[in-house]
1. Give me the distance in nm between label points sitting 7 Å out from Cα along the Cα-to-Cβ direction at Lys73 and Ala52, one decimal.
2. First check a/c for segment 1-74, with a ≥ b ≥ c the square roots of the eigenvalues of its C-alpha gyration tensor; if it is under 1.5, answer rounded, and if not, answer prolate when a/b is larger than b/c or oblate otherwise.
3. Taking the chain as a Gaussian network, where each spring joins two C-alpha atoms under 10 Å apart, which residue of Val107, Val11, Val74 fluctuates the most?
4. Of the residues Ile96, Ile118, Ile141, which exhibits the maximal mean-square fluctuation in a Gaussian network model of the chain defined by a 10 Å Cα contact cut-off?
5. Per residue, what accessible area does the chain have, given a 1.4 Å probe and all protein chains present, in Å²?
6. Mind checking which lysines have their Cα closer than 30 Å to the Cα of Lys132? Skip sequence neighbours fewer than 8 apart in that chain.
7. Of the residues Asn14, Asn142, Asn33, which exhibits the maximal mean-square fluctuation in a Gaussian network model of the chain defined by a 10 Å Cα contact cut-off?
8. Multiplying the sequence separation of Glu59 and Asp86 by 0.36 nm and subtracting their Cα-Cα distance, what value in nm do you get?
Amino acid sequence: MNSGELDILLVEDNQDDMDLAMHALRREKLANNIFVARDGEEALDFLFCRGAFAKRSFEHPPKLVLLDLKLPKVDGMEVLKQVKSDPRTKIIPVVIMTSSKEERDLVAGYDLGANSYIQKPVNFDQFRETVKSVGLYWLVINQPVPAHSEQKSVGAGV
């Protein structure tokens, strides 16, 4: 990864969905640096710079987390809860991308601080277009909090 910069943390255990998402993001040149975590525990270790990722720095968080809900070890809702409840990671945009049609998952996701909730399309072309749109919005169109402002709000206990 170039100078520690990471565009996307993709948290996905389904190989087909991971391949499709990676293909869409790279094809559209939306993300150069993508890290894939295959379960919730690995995602949390990566985000919180612990375990195998202890040498990572909080200074270079991903610009976007694409999070599946149905994950081994630690489910997506718990990952979301921990990310959004920690001042060091709470401003990272988290987009839930799941096959779940459960209204309770949708409500719980937003209650825990998800920035967006997307049901994965079953159709290949629709899935690719959805990932492209998500990447375009969060990595190109959206204006993130400036890095210097993040430090001030964290230090102020906001």
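1. For the pair Lys73/Ala52, the computed spacing is 0.7 nm.
2. Values: a/c = 2.43, a/b = 1.10, b/c = 2.22.
Oblate shape, in that a/c is at least 1.5 and b/c is the bigger or equal ratio.
3. Val107
4. Of the options given, Ile141 has the highest mean-square fluctuation.
5. Details: 8630 Å² over 158 residues.
I get 55 Å² per residue for this part.
6. Lys29, Lys63, Lys70, Lys73, Lys81, Lys84, Lys90, Lys101, Lys120
7. Taking springs between Cα atoms under 10 Å, the residue moving most is Asn142.
8. Numbers: separation 27, 0.36 × 27 = 9.72 nm, distance 1.45 nm.
Working it through step by step, the gained length comes to 8.3 nm.
The values are calculated or read from the model by the stated rules, or taken from the named source; none is laboratory data. Quick caveat, the model's predicted, so the values are computed rather than measured. Reconstructed Cβ throughout: ideal geometry from the backbone, glycine too, with neighbour counts over all protein chains shown. For accessibility, only protein heavy atoms count, side chains too; no ligands or nucleic acids. Shrake-Rupley method; radii C 1.70, N 1.55, O 1.52, S 1.80 Å.
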